[in-house]
Amino acid sequence: MTFETVIHGGTIVTAEGQFKGDIGIADGRIVAVSEKLDGGDTRIDAGGRLVMPGGIETHAHIAQESSSGVMTADDYLSGSISAAFGGNSSFIPFAAQQRGQSVDDVIKTYDARGERSVIDYSYHLIISDPTEKVLTEELPRAFARGITSFKVFMTYDLMNLGDGGMLDILSVAREHGAITMVHAENNDMVKWMNKLLAARGLSDPKYHAISRPELAEEEAINRAVQLAKLVDAPLFVVHVSTEGGAEIIRREQWNGAKLYAETCPQYLALTRNDLDRPGTEGAKYICSPPLRDEATQEVLWKHIRMGTFVGVHSDHAPYRYDETGKFVNGADVPYSKIANGMPGIAARLPYLFSEGVVKGRITPEQFVALSSSNTAKVFGCTTKGRIAPGMDADIAIWDPEERRTVRAVDQHDNMDYSPFEGMELTGVPKLVMNRGRVIVENDELMATEGQGQFFGRAPVDLRGTPDYVAKEFDPAQNFGTVLR
Ligand code: URP
Ligand code: ZN
Ligand code: ZN
């Protein structure tokens with residue numbers, strides 16, 4: 001067998017185990033994994049290093065307008081470069097439908113934006129306007145193209161679909177084998193809290209945390225899960241930030257719901273006290289759901305360890321600390337007018353490795369599962385997320401001992417701050433590959449604009465999750481009525 005590249009002498013880590021071995025690569029794919037491989041036009045020495053699947057980032061807002069029209073600071077070029085420096089070989093940002101916009105138009109728009117990417121990419125479709133045409137014509141067309149996941153919101157007035165709209169989406173998703181992602185916060189609870197705080201003149205950034213109660217997340221997660229169960233549709237709860245929310249998810253998973261979830265580094269690393277920094281600096285830490293408290297951090301780690309969360313993703317939502325981002329509505333506005341979101345696509349995996357693996361909270365195998373393998377399975381990335389013959393050569397080689405201090409200037413994004421600034425982390429992705437091409441090596445970008453490719457995805461793999469039939473859908477219990 002001839003190889004273009006051989007990675008040799010490293011410790012290969014998969015979600016199942018680790019072993020010393022070599023990887024042979026040809027035509028962008030892994031073609032051999034063996035104890036020892038000779039040959040190769042290029043030989044990469046991975047001695048003393050961990051060789052893992054490149055990360056797959058599945059929660060990133062890239063070249064995306066918020067519902068109120070504010071564009072993220074990162075486009076597919078800067079966003080993908082930042083992702084690559086953070087150990088990712090591919091990502092699945094969102095393609096967002098604005099109300100009144102056709103899904104065909106959304107996909108066309110993001111296809112043009114995606115062309116700049118240096119890593120492979122796909123999209124989750126955000127649906128804010130599920131018209132009859134969207135449900136019956138456009139979503140099926142998107143599925144046929146391999147866009148097999150989309151996201152709905154239970155909050156933000158311009159995005160919130162209401163329970164009926166969610167049921168429409170969930171049942172179409174079930175029919176086509178797609179998975180629905182949900183941002184779960186009770187919109188009315190948040191609006192009511194906003195009114196209460198405004199009436200008392202409480203408008204500093206720190207009140208953002210008070211305005212979006214833990215109960216708002218817990219209530220909405222529970223409701224989303226029951227809606228999904230009614231139509232037996234798979235559901236993925238994004239950015240879970242509360243103990244109560246994680247426990248609802250755990251319980252429903254035990255009861256057999258087709259239910260997946262993630263949390264994000266900011267809920268593990270930061271607290272609501274960060275919103276109370278001097279002046280307007282707290283604005284940097286405004287994201288939704290909001291940062292919580294220290295006690296919640298260890299609970300979330302427990303759920304990472306137990307498998308409640310299949311992934312830890314960044315929710316990279318880059319709004320600069322200036323008038324183009326956080327302060328697009330003015331420098332001296334109440335918290336409710338400050339753009340929501342923070343960057344983190346480059347810091348996600350170094351943070352998870354350092355605080356997870358190095359501190360003994362998770363194993364290296366769990367790190368691989370959480371950063372790529374689980375994600376690939378849930379979101380139908382059939383050629384990514386594993387080191388095995390036939391898979392794309394999407395590989396990250398890590399030095400598990402090198403120490404770094406996080407600095408905004410090293411994130412390679414278009415941002416002017418990092419919420420993780422100053423954190424001391426151990427473990428650095430030294431070489432990152434996408435389909436056999438080195439894209440980052442020793443802190444240098446080796447990729448060129450546009451070399452990433454769009455990838456379509458398979459339907460969600462629901463083997464091992466038996467059908468759930470609500471009584472009302474069971475002809476034996478609903479007077480013999482066939483409803484699906
Ligand atoms: O505050 C956040 N997370 N902004 C990005 C949009 C979203 O809700 O994920
Ligand atoms: Zn969200
Ligand atoms: Zn998000």
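The values are calculated or read from the model by the stated rules, or taken from the named source; none is laboratory data. These figures come from a predicted structure and were not determined experimentally. Neighbour counts are summed over all protein chains in view; Cβ atoms, including those assigned to glycine, are modelled from backbone coordinates with ideal geometry. Remember, those area values only see protein heavy atoms, side chains included, never the ligands or the DNA or RNA. Shrake-Rupley method; radii C 1.70, N 1.55, O 1.52, S 1.80 Å.
For the reader, a short list of remarks on this structure follows.
- Annotation: amide H-H contacts under 5 Å for V440 (H modelled 1.01 Å from N, sequence separation of 5 or more, or interchain): V432, M446.
- Normalised by the number of residues in the chain, the average gap of Cα pairs under 8 Å and 6 or more apart makes the relative contact order 21 percent.
- Hydrodynamic radius (Kirkwood) for segment 70-205, which is based on Cα pairs only, to one decimal in Å: 16.5
- Projected onto their three principal axes, the Cα atoms of segment 228-329 cover extents of 47, 29, 18 Å, largest first.
- Inter-part distance where segment 445-484 and segment 279-329 are each reduced to a Cα centre, Å: 28
- Along segment 217-230 the Karplus relation, 6.51 cos²θ - 1.76 cosθ + 1.60 evaluated at θ = phi - 60°, assigns HN-Hα couplings of 5, 4, 4, 6, 4, 4, 5, 4, 5, 5, 4, 5, 5, 4 Hz to successive residues, with x for each Gly and Pro.
- Cut-off under 5 Å, modelled amide H: who pairs with H124 long-range: F94, A95
- Residue-by-residue Karplus 3J(HN,Hα) for segment 234-239, coefficients 6.51, -1.76, 1.60, Hz, glycine and proline x: x, 9, 10, 8, 8, 5
- Average silhouette area of segment 1-143, convex hull of alpha-carbon atoms, in square nanometres: 10.9
- Linear extension gain, A331 paired with R145, 0.36 nm per residue minus alpha-carbon span: 62.7 nm
- At an R0 of 22 angstrom, the distance between the Cβ atoms of V299 and D276 translates into a FRET efficiency of 0.50.
- Per-residue 3J(HN,Hα) values for segment 149-164, derived from phi via the Karplus relation 6.51 cos²θ - 1.76 cosθ + 1.60 with θ = phi - 60°, read 8, 8, 10, 10, 10, 9, 9, 6, 3, 7, 10, 4, 8, x, 5, x Hz in sequence order (x marks Gly and Pro).
- Residue among I30, G10, I210 farthest towards the positive dipole end of the chain, charges placed on Cβ: I210
- Under DSSP loop assignment and at most 12 Cβ neighbours within 10 Å, longest GluC sites (Glu not before Pro)-free interval of the chain: 36-322
- Enclosed volume per residue, in Å³, of the convex hull spanned by Cα atoms of segment 360-482: 218
- Counting only protein heavy atoms and a 1.4 Å probe, the chain has 38 square angstrom of accessible area per residue.
- Pairs exceeding a 26 Å alpha-carbon distance, out of K20/K359; K36/K302; K206/K359; K151/K229; K133/K471: K36/K302; K206/K359; K133/K471.
- Straightening the chain between A32 and S102 buys 20.8 nm, computed as 0.36 nm per residue apart minus the Cα-Cα spacing.
- The charge dipole of the chain, taken about the Cα centre with unit charges on the Cβ atoms of Lys, Arg (+1) and Asp, Glu (-1), comes to about 660 debye, rounded to the nearest 20.
- Across the alpha-carbon set of segment 46-87, the Rg to Rh ratio works out to 1.18, Rh being the Kirkwood radius.
- Fraction of accessible area attributable to carbon and sulfur, the chain (%, probe 1.4 Å): 50
- Volume of the Cα convex hull of the chain, divided per residue and given in Å³: 139
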